[in-house]
Number of protein chains: 4
Amino acid sequence: MATIGVLTGGGDCPGLNAVIRAVVRTGIKYGYDTLGIRDGWAGLVEGNVEPLTDYSVTGILPKGGTILGTSRTNPFKKDADLQRLKDNIRKFGIDAIVAIGGEDTLGVASKLSGMGIPVVGVPKTIDNDVSGTDYTFGFDTAVAIVTEAIDRLHTTAESHHRIMVVEVMGRHAGWIATMSGIAGGADEILIPEVPFDLDEVCKHLRARYESGKLFSIVVVAEGAKPSGGEGVITQSEKTDAFGHARLGGVGNYLREELEERLGMETRVTVLGHVQRGGSPTAHDRVLATRFGVKAVELIREKNYGKMAALCGDAIVAVPIEEAVATLKTVDMDLYDLSKIFFGG
Amino acid sequence: MATIGVLTGGGDCPGLNAVIRAVVRTGIKYGYDTLGIRDGWAGLVEGNVEPLTDYSVTGILPKGGTILGTSRTNPFKKDADLQRLKDNIRKFGIDAIVAIGGEDTLGVASKLSGMGIPVVGVPKTIDNDVSGTDYTFGFDTAVAIVTEAIDRLHTTAESHHRIMVVEVMGRHAGWIATMSGIAGGADEILIPEVPFDLDEVCKHLRARYESGKLFSIVVVAEGAKPSGGEGVITQSEKTDAFGHARLGGVGNYLREELEERLGMETRVTVLGHVQRGGSPTAHDRVLATRFGVKAVELIREKNYGKMAALCGDAIVAVPIEEAVATLKTVDMDLYDLSKIFFGG
Amino acid sequence: MATIGVLTGGGDCPGLNAVIRAVVRTGIKYGYDTLGIRDGWAGLVEGNVEPLTDYSVTGILPKGGTILGTSRTNPFKKDADLQRLKDNIRKFGIDAIVAIGGEDTLGVASKLSGMGIPVVGVPKTIDNDVSGTDYTFGFDTAVAIVTEAIDRLHTTAESHHRIMVVEVMGRHAGWIATMSGIAGGADEILIPEVPFDLDEVCKHLRARYESGKLFSIVVVAEGAKPSGGEGVITQSEKTDAFGHARLGGVGNYLREELEERLGMETRVTVLGHVQRGGSPTAHDRVLATRFGVKAVELIREKNYGKMAALCGDAIVAVPIEEAVATLKTVDMDLYDLSKIFFGG
Amino acid sequence: MATIGVLTGGGDCPGLNAVIRAVVRTGIKYGYDTLGIRDGWAGLVEGNVEPLTDYSVTGILPKGGTILGTSRTNPFKKDADLQRLKDNIRKFGIDAIVAIGGEDTLGVASKLSGMGIPVVGVPKTIDNDVSGTDYTFGFDTAVAIVTEAIDRLHTTAESHHRIMVVEVMGRHAGWIATMSGIAGGADEILIPEVPFDLDEVCKHLRARYESGKLFSIVVVAEGAKPSGGEGVITQSEKTDAFGHARLGGVGNYLREELEERLGMETRVTVLGHVQRGGSPTAHDRVLATRFGVKAVELIREKNYGKMAALCGDAIVAVPIEEAVATLKTVDMDLYDLSKIFFGG
């Protein structure tokens, strides 16, 4: 009986538990035991593992977060860590690893695979910015949460003739902003891929107001920046004690600038981690489940170094390197489409 | 200035208003006027139209149903109707028609196109059974609604050691049952494509009970039938005064059979039209919006006789005939995947 | 250190876990141990108990169902059972019991209390028909679920000019129908307290149609009956193998009658157990938590034979007998208020 | 035929449309015409009114915001305004006014009533801080939205061992924080009524961490302040160009202080106006409807100077002055109850 080790790394994301469940259940079907590795690669370095049975994964499908915990530990930072990781693979009799994670976690997976360790990947990013797959699970849930918030803001914006700024996740890619902006009927969408010209934004919102539409919704990705204005959003560029950028920078910046320049009451909402918590949408549960099944099938076929990916309607195998090579930024056709609805 | 006529036909579906809004707004961008045709093809036969402006479509993006109304009228049934339809196209100066609908509505569109009338299509079906497109809008919303219901039934089933039967939409194809069954963690999924063997179902649910899992969730599409048992589900096969099949047939049948054969309390939920009402998911709003934009682009390109379709990540044009030629039944790989989780 | 035993009996209900958690946590604060008794009174007869710690109740607040399981066992049916129950109270050193349940469970609690056993009660009914308390937890959740369904049905009813019948819980009292009917803007609400006259209902729906409102929503409690027509709803009066009435009776009856008499397409939705499953509303979580805290306070005060109850804004103690003496039917002022909106 | 004028003033709130609809429909029943007054008292000063018919209020029950618009205009600030207001009451033949609003709007209503103008009130505040009524509509919706956000934050906090700070509405009273904190299982709730001691908060969160609970949820009302530390939260005390306090002050303050003092990753979510937008809960729709009906009944009885209020289960009449005399702060018994669950 062969043994699969499964781990989750990086930021959490709705659907992680659905993948874990699918790995365990598909493993049972094909005769594998599954070991849960706690807190990402850290658990493999420290030998922190536990058997996952049918019982362990009962009821976790609709749950957010990850029953395995997560971390950003990179075993390649210290030689000793890498050695302990290899020792633990042997010690626990792990025949293949399913690594569920984003750029960093899959980067480690890719390197380990290059060293001959049997690894398969499952891509994970709330931001949808991993290459090699059409979509990742968790993204649909984040878009749904933001869209519901925009729906709510519409009624209050309309009653009060206000501008509402919604700052959403997306440091390097504006997928959440673009999709939820289209779904929520935003009047302006600002993303990291396209530095914004504040004069243009104001001109546009003013035109909308003058046409009789007395309120506006502006969706801004946390990583969006004004063109040429590097010094401006100092607040969002400060990092906290853990080296992470602070939320609320660009949102608060826009709120102040728009209020002052346009003379319209402006309010800001910073949804923060609400976007990545809670029960996954049905769509994400199905995608995550299919990814988990595929991961085990890849192991069965000894098709290592690959990750499960969505291509159109089908789940396919692509080299893990593909996912980590480049950031998948927003499709400009889609972003342009969103502009048809601006100011409308 | 050219004029687009837009209509919605057949059963309603979350996302119809998003398509209409996208047609009007994209029309404005490209310099078209838009006429709303009321109640499907009936409105064109009767000359029941109204101008749609930017103002008409403000606020309709998140709304279920269709502001244009809908019907199942087929203008090819009477020669006089067809003539009136043609006359009205001329009378109102309609240069091209956007027909949003399923098999029937698109069937008419295809025939009209064959006669030289400039028509483009947008596929619509809650059941996801239209060919030529990976997915249709409304389907994700229906799956989300059913999945939420299954989530709720899980807690009560578990507390009471019961079997819960959920009858969902799907007369000819089991897409909603399959997707929501996977997303909700169903223990049995029964679809029209695969006649079920009640002995097998019972054997399976009994095995689950004996393994210590004292409750089960059974998702059944309204069109599912027992193998060889044509005479059994008489109730669901009766049609009402309008020629439509009655809901609740197979669900009630299963409830009675399972309770009697297994000696376990069994309850049935018939969600009915709740599945096709209300605000579309963010996913469906984006898809519907993209379809609407594409429809106007097809008109701009005078690419008539085509419909907007989703192919992977892209919106493409396919011949309307393709959509109406065959019913798209459930992918058997996906259905087989669902079985990995049965009884687990 | 004194020991509290806690049990849940009867049908499940959103908020049961919130009560259990509150009992355990408040117990910890005041120095009590808590024993969970499984499956209602059955667990006390059979000695099926387990210690509940802070850890046992972590994360259960938002969960539907009951972690303790439930049953309808009545220990007064057999003398031997009652003796075993008493023996187990002594054996496990239970100093006081918190009985969470409806009429039956509290009826047992009341009798035990009369025999000198220290019991306090927490009223529970999805139907809100227990006397002695303004509201019970679970009811707000059920009303929320039904109202969301009615919202969805509105859009589809409107698009298709249909009558939509929604059958909801309420065998003896129409609280869910009345509240959700008012909240959802129903055009007719039928409850067990007021036998309905089908001619009147039809007259009224026809008037609405003739005034230009081409669709209607009818909410009917499962226990509603036509005046004078005892023989009519045979289906709903049949009971299943477990002695429970079958769902769908009156809903299907109305669907057929309305369609035939009015000549309007009519559809029925039978929400069934969806109404009593899943995560409780914030409102119900707070109410259930306050009830659980109060139950432990009653024990501290040795104020046995009482149950926690909501009176206005305050949680008070009322004799358990009060709750089981009479069924709390719908306030007729509230029902009359709902009629202001019929046909509107 | 007598004429009722209805207006909404102050911040918007889910349920306003439900009140308006109830006023119009109840008016129709009793033979009143209704005039909608736009943008609060401003509309009466400027003569900006429109007839509201059955048709005007169709479909508005589930909608957030107010179809009448709102403002904070106070006609007592200028004598000329007051005169114009009186003139317009005569000009439009308004026999009685229904004023729906909070402290300011009802304050004007009370003064007008004192001058002999026939006014009745409906209390409105998202914050639940109006006296004279047990609860106000909109509050339950706000609590539901915050609780859902806390539920989502729980899963991500747990996966990452983080502290999550949620800043919610409540400048002068902490009702939303207290109720949603109890419903969401918060580990700390900070409200304006009780200045917080940051050392105590840290001590408590550290104890929780050391007991093995590696994450915490802190709910803070925007008006909460540290004891003795008036100078600290400068950011939240700055006001914007419209004289309104800025959001995010205390939330960001806590985030920085907790991260630094405890050495734990801390994240903040500022829900902002999401809390007051969107469709009201079923609970709020019923309450708002009952208030609207009561307002018209008060007019029928010529019981002017009164407002509709909830007392226990009943809708009663109380003098408008009562509502505006004092702020209703959080019941300290309820706040103390929430502490039972801190750190648990």
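The values are calculated or read from the model by the stated rules, or taken from the named source; none is laboratory data. Note that this is a predicted model, so its numbers are computed, not measured. Note that each Cβ is placed from the backbone with ideal geometry, even for glycine, and that neighbours are counted across all protein chains shown.
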Legend entry - In region C:308-344, the residues that are in a helix (DSSP H, G or I) and of a type in the set (A, V, I, L, M): C:I320, C:A323, C:V324, C:A325, C:M332, C:L334, C:L337
Legend entry - Only one of D:V146, D:V119, D:V165 that is in contact with a strand residue (DSSP E or B) (Cβ under 6 Å, 6 or more places away or on another chain) and assigned by TED's automatic domain parsing to the domain that holds D:L82: D:V119
Inset, instruction - Return the total of residues in region A:251-301 being among the hydrophobic types (A, V, I, L, M, F, W, C), more than 8 Å from chain D (Cβ to nearest Cβ) and within 24 Å of D:R152 (Cβ to Cβ). - result: 5
Inset, instruction - Collect the residues in region B:155-195 that are over 24 Å from C:T125 (Cα atoms) and in a helix (DSSP H, G or I), keeping them in residue-number order. - result: B:W175, B:I176, B:A177, B:T178, B:M179, B:S180, B:G181, B:I182, B:A183, B:G184
Legend entry - Failed condition for D:S131, given (1) polar (S, T, N, Q); (2) in contact with a helix residue (DSSP H, G or I) (Cβ under 7 Å, 6 or more places away or on another chain); (3) crowded, with 23+ Cβ neighbours inside 10 Å: (3)
Legend entry - Condition met for C:I315 (crowded, with 18+ Cβ neighbours inside 10 Å, over 29 Å from C:T34 (Cβ atoms) and aliphatic (A, V, I, L, M)): no
Inset, instruction - At least 1 residues that are within 14 Å of chain A (Cβ to nearest Cβ) and surrounded by 19 or more Cβ atoms within 10 Å (Cβ to Cβ) in each: list the helices (runs of 4 or more DSSP H) lying fully within region D:1-98 that qualify. - result: D:16-30, D:41-46
Inset, instruction - Looking only at region A:137-154, decide whether some residue is touching a Pro at 6+ places or on another chain (Cβ under 9 Å), closer than 27 Å to B:G312 by Cβ, touching a residue at least 24 places away in the same chain (Cβ under 8 Å) and not in a helix (DSSP H, G or I). - result: yes
Inset, instruction - Being in the same structural domain as B:H160 (by TED's automatic domain parsing), modelled with pLDDT of 95 or more and among the β-branched types (V, I, T) narrows it down to one of B:V250, B:V220, B:V232, so name that one. - result: B:V220
Inset, instruction - Find the residue count for region B:188-202, including only residues that are charged (D, E, K, R) and buried (at least 22 other Cβ atoms within 10 Å of the Cβ). - result: 1
Inset, instruction - Report yes if D:V120 is touching a helix residue (DSSP H, G or I) at 6+ places or on another chain (Cβ under 8 Å), away from chain A (no Cβ under 14 Å) and not in a loop (DSSP other than H, G, I, E, B), otherwise no. - result: yes
Inset, instruction - Considering only residues that are closer than 14 Å to C:V166 by Cβ and outside any helix (DSSP H, G or I), look in region B:269-290 and name the one that is farthest from the chain's Cα centre (by Cα). - result: B:T269
Legend entry - Any pair with Cβ under 8 angstrom, 6 or more apart, that starts in region D:316-344 at a residue that is closer than 17 Å to C:A295 by Cα and ends at one that is surrounded by 18 or more Cβ atoms within 10 Å (Cβ to Cβ) and hydroxyl-bearing (S, T, Y): D:L334/D:T178; D:L337/C:T289; D:S338/D:T178; D:I340/C:T26; D:F341/C:T289
